[in-house]
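Following: one structure in structure tokens, then a few remarks.
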Amino acid sequence: MAINYERNKKYFKQSSPKAGIILIVIGLVLTLALPEAGKLVGILGILGGAALIYFQFAGKPSDADIDSDAAAAIADVKKRALGKLGLDEDEVKLIDPVIVHGYYYKNIASGVQVKLGKDRVFRSSNYEGVVLFFSEHQLHAFKFQFSLVSPQESREQTDEYFYKDVVSVATQSETFKINDIKGNSQQVNFEEFKLTTTGGTSITSSIRDEGSVSRVISGARSLIREKKIAS
């Protein structure tokens, strides 16, 4: 996963130029008010305030940078999923695999940070996805979750389901309350993919691109329906 963890931490850290501006103002006042010998104190205040602002905001990633890191991290997820499931690609060629992914607004291990972007989209420091493969008799699932700010935080699971045991493959709207990086309570609305089985088990993932997911799961629904009728 090509994730710039240290850079991404800056995105999810609350930054304010207020302290730096105060130092600069105090420095200007002292520079103007003090005699020549004392102006150094004021100049140091100005420089300190400018440095504080610079180090808070220099290199801070944009919304697009965070999206790009998430996309780069899942670029090889199909290959990784095949390896974790112990599958050969020739075994699962009935239809193209279904790959669903999006920002995950809950904890993986130590916590989660959520920020409202300039485009009014909530981005999370955690990300998740599901990959579904379709063989002759079974559906194979790989779920992954990882942090965009900590390389130590990730979680994976694999499952297999007989087609006759699959109840539904659907998307649904979800609402989740979070505290953003400013400490404000926010309501996040997002789409979720959900596969449910007769045993009551399910595998889910949030959806970042609802349009593309709707297209790919229609093929999965058709195949599952055909397999259930034939069984």
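Every number in this text was worked out from the coordinates using simple rules, so none of it is lab data. As the structure is a prediction and not an experimental result, all values here were calculated from the model. Here the Cβ positions follow ideal geometry from the backbone for every residue, glycine too, while neighbour counts run over all protein chains shown.
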The local net charge around Arg123, scoring Lys/Arg +1 and Asp/Glu -1 for residues other than Arg123 whose Cβ lies under 12 Å from its Cβ, equals -2
Which ordering of Glu156, Glu174, Glu36, Glu128 is given by a fewest-first count of other beta-carbon atoms within 10 Å?
-> Glu36, Glu156, Glu174, Glu128
Distance between modelled label sites at Thr198 and Ala19, nm, 7 Å Cα→Cβ extension | 6.1 nm
Compute the relative contact order of the chain as a whole-number percentage, counting only Cα pairs closer than 8 Å that sit 6 or more residues apart in sequence.
-> 17 percent
For the range 71-107, list residues with backbone N below 19 Å from a point placed 7 Å from the Cα of His137 toward its Cβ?
-> 85-95
Taking the range 89-206 and dividing mean pair separation by its residue count, relative contact order in percent (alpha carbons under 8 Å, at least six apart) | 23 percent
Using only Cα atoms, tell me the angle between helix 39-57 and the longest principal axis of the chain; keep it within 0 to 90° and round to the nearest 10.
-> 10 degrees
Out-of-range pairs (alpha-carbon distance over 20 Å; input Lys79/Lys227; Lys10/Lys118; Lys10/Lys182; Lys79/Lys106) | Lys79/Lys227; Lys79/Lys106
Note the angle between two axes, namely the Cα long axis of helix 63-73 and the longest principal axis of the Cα atoms of the chain, as a number of degrees from 0 to 90, rounded to the nearest 10.
-> 40 degrees
Summing -39500 (n - 2.57) over the DSSP H runs of n ≥ 4 in the chain and dividing by its residue number, what mean residue ellipticity at 222 nm do you reach, to the nearest 500 deg cm²/dmol?
-> -11500 deg cm²/dmol
Expressed as an acute angle from 0 to 90° and rounded to the nearest 10, what is the orientation of the C-alpha long axis of helix 18-33 relative to the principal long axis of the chain?
-> 10 degrees
Rounded to the nearest 20 Debye, what is the dipole magnitude of the chain about its Cα centre when Lys and Arg each give +1 and Asp and Glu each give -1 at the C-beta?
-> 740 debye
Under 16 Å from the 7 Å Cα→Cβ point of Asp96, by amide nitrogen: which residues of the range 104-133?
-> 131-133
Taking the Cα-to-Cβ direction at Ile26 and at Arg215 and moving 7 Å from each Cα, how far apart do the two end points lie in nm?
-> 5.8 nm
Max mean-square fluctuation residue, GNM over the chain, Cα-Cα springs under 10 Å, options Asp165, Asp119, Asp180 | Asp119
When the chain is fully extended, how far beyond the present Cα-Cα distance does Ile181 get from Ala109, taking 0.36 nm per residue of separation?
-> 24.1 nm
Quick note on Arg7, Arg215, Arg123, Arg225, ordering by fewest other C-beta atoms within 10 Å, gives Arg215, Arg225, Arg7, Arg123
Label-point separation, Asp65 to Tyr5 (7 Å along Cα→Cβ), nm = 1.8 nm
To the nearest 0.05, how large is the calculated FRET efficiency for Asn189 and Glu36 if R₀ is 35 Å and r is the Cβ-Cβ distance?
-> 0.05
Specify whether the C-alpha gyration tensor of the range 79-126 places it in the rounded, prolate or oblate class, a ≥ b ≥ c being the square roots of the eigenvalues: rounded for a/c under 1.5, otherwise prolate if a/b is larger than b/c and oblate if not.
-> oblate
